Amino acid sequence: MMIDMKAKVVVFGGGGFIGSHVADELTARGCEVTIFDIKKSRYVQDKQKMVVGDMLDPEKVLDTIKGTDYVYNFAGVSDLQSATTMPVETIKYNILGTANILEACRQANVKRFVFASTIYVYSERGGFYRCSKQATELYIEEYKRKYGLDFTILRYGTVYGPRTDERNSIYRYLKQALVEKKIEWVGTGDELREYIHVKDVAKLSVDILDGDYKNQHINITGHHPTKFMDMLATINEILGGKVEIKLKKPEPGGSHYNMTPYSFSPKIGKKLVANPYTDLGQGLLEVLEEIQKQEHVNNGNSVHGDKDKEEK
């Protein structure tokens, strides 16, 4: 089945990092897009409708979803650190909030519900964040069994690119390197990640509306495993080899995985990758440029201003 690109789509959390890019990709392909978020999105387009609301408000959620073909959910607590410090909020938004959306999808006869999960569901790591995503996946599967609500679960890997902030690890390291000329990392440097650019993620996240991906668990990660130290070396080389890299020994039982997120668990997912895809070095340059522009606005001059004056 081909993708219906005249469809009506609601993107919960469509003002956030991945959600905003997915909303833009849907709009670019001709969909009628409504963004639902807790505050007005900085990235909302004229062609898109904006609804400011809380996913814990079932009536507003249902009103927004009525007449919709597809619903995406990127809303909720979206990173490990925040989930660690506020487990109850994580349960409320990631599980109860998603349940509100699921129930509205059922009542509104939505064609498919698309859920943003994580590859941490394969792991014993990831803390309360992983727990919330695992639990929500079970509710989604049960809604399919009981009510016939079709779904696609997208398990994202290490995503980077524009429109993120310091909750994103790649952004943090790039900003440290650009502003402080150093990167501090807790780990050995041998950790493996499959980095994927957010624009590649957005394209794949819309491609899955094809019927072949209905009621599937899809892993969306990069093409090639990359050692963390190699990624840091790339950043250092881009910035002229002047970045000090400090590695701190990790404590046992940390939240992050080292070589792989996988431990024995059910519901194996299929891996979907972009082709063509954004090169890691090019993607890092794009984020560095965005950080530099932000620092220019914040400081009233370039982060390289003093250095440029010295060289002149």
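Numbers below:
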| item | result |
| --- | --- |
| Residue in the stretch 32-41 that is in contact (Cβ under 8 Å) with a residue 60 or more places away in the chain, part of a loop (DSSP other than H, G, I, E, B), closer than 22 Å to Asp165 by Cβ and out of contact with any helix residue (DSSP H, G or I) (no Cβ under 8 Å at 6 or more places or on another chain) present | no |
| Per-region count, the stretch 67-88, residues buried (at least 22 other Cβ atoms within 10 Å of the Cβ) and modelled with pLDDT of 95 or more | 6 |
| Residue match in the stretch 269-277 (condition: at pLDDT below 75 and either touching a Phe, Trp or Tyr at 6+ places or on another chain (Cβ under 6 Å) or farther than 19 Å from Lys199 by Cα (or both)) | yes |
| Within the stretch 42-81, considering residues that are in contact (Cβ under 8 Å) with a residue 60 or more places away in the chain and among the aliphatic types (A, V, I, L, M), the one farthest from Asn109 (Cα to Cα) | Leu80 |
| Residue match in the stretch 51-65 (condition: assigned to a strand (DSSP E or B), more than 24 Å from Lys214 (Cβ to Cβ) and at pLDDT 95 or above) | yes |
| Positions within the stretch 73-107 being over 20 Å from Arg155 (Cα atoms) and not polar (S, T, N, Q), in sequence order | Met86, Pro87, Val88, Glu89, Lys92, Glu103, Ala104, Cys105, Arg106 |
| Long-range neighbours under 6 Å by Cβ, at least six apart or interchain, first residue farther than 21 Å from Ala28 by Cβ within the stretch 204-219, second charged (D, E, K, R) and part of a strand (DSSP E or B) | Asn219/Arg155; Asn219/Lys271 |
| Count of the stretch 122-139 residues which are of a type outside the set (Lys, Arg) and surrounded by fewer than 22 Cβ atoms within 10 Å (Cβ to Cβ) | 10 |
| Options Lys182, Lys242, Lys249: the member that is in contact with a strand residue (DSSP E or B) (Cβ under 7 Å, 6 or more places away or on another chain) and exposed (fewer than 15 other Cβ atoms within 10 Å of the Cβ) | Lys182 |
| Given (1) closer than 24 Å to Arg130 by Cα; (2) surrounded by fewer than 21 Cβ atoms within 10 Å (Cβ to Cβ); (3) among the acidic types (Asp, Glu), number of the condition Asp37 does not satisfy | (2) |
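Condition check ((1) assigned to a helix (DSSP H, G or I); (2) in contact (Cβ under 8 Å) with a residue 40 or more places away in the chain; (3) β-branched (Val, Ile, Thr)) across all residues:
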| site | (1), (2), (3) |
| --- | --- |
| Ala83 | yes, yes, no |
| Tyr93 | yes, no, no |
| Gln134 | yes, no, no |
| Arg145 | yes, no, no |
| Val159 | no, yes, yes |
| Arg167 | no, yes, no |
| Tyr173 | yes, yes, no |
| Leu178 | yes, yes, no |
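The values are calculated or read from the model by the stated rules, or taken from the named source; none is laboratory data. This is a predicted model, so every value here is computed, not measured. As a convention, Cβ positions derive from the backbone with ideal geometry for all residues, glycine included, and neighbour counts pool all protein chains shown.
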